[in-house]
Amino acid sequence: MSPRTWYNDLQKAFLTSHMPEFLALRAQSKTHKFWAPMYEAWFRQFPEEAALGYTVPDADGTRATLTNEELELLLGAVVARKKQIRNWFYFYHRTQG
């Protein structure tokens with residue numbers, strides 16, 4: 001049995017679909033141009049609020065009111081997810097070569 005991953009099949013397909021862009025920018029030593037748009041696209045499609053069981057922002061960006069504790073948890077979760085995404089790209093491209 002394979003170890004459990006932090007992403008589901010839909011999320012893996014999303015990540016994989018962005019691999020060509022990542023590799024192209026990596027070849028030019030310009031991955032710094034990749035991360036902000038990647039994170040924006042990821043969190044638009046997979047809001048971290050949903051992963052935490054919070055109300056997901058409306059299409060117009062309106063957010064539910066969160067307590068300070070919930071905001072801290074959300075911020076920590078977003079930081080952790082960004083690290084997972086970054087690590088996935090750096091690791092996954094090495095295993096596919």
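FYI, it's all coordinate maths here, none of it is from the lab. None of these values were measured; they are calculated from a predicted model. A quick note on method: Cβ atoms are made from the backbone with ideal geometry, for glycine too, and the neighbour counts reach across all protein chains shown.
Couple of notes before you dig in:
- Of all residues in region 62-80, those being part of a helix (DSSP H, G or I) and more than 13 Å from Ala50 (Cα to Cα) number 8.
- Candidate set: region 48-61, residues that are part of a helix (DSSP H, G or I) and of a type outside the set (A, V, I, L, M); chosen: the one farthest from Thr5 (Cα to Cα): Glu49
- The residue that is farthest from Arg94 (Cα to Cα), among those in region 1-54 that are surrounded by fewer than 11 Cβ atoms within 10 Å (Cβ to Cβ) and acidic (Asp, Glu), is Glu40.
- Within region 18-62, if we keep just the residues that are in contact (Cβ under 8 Å) with a residue 12 or more places away in the chain and touching a Ser or Thr at 6+ places or on another chain (Cβ under 9 Å), the residue that is farthest from Ala80 (Cα to Cα) turns out to be Phe22.
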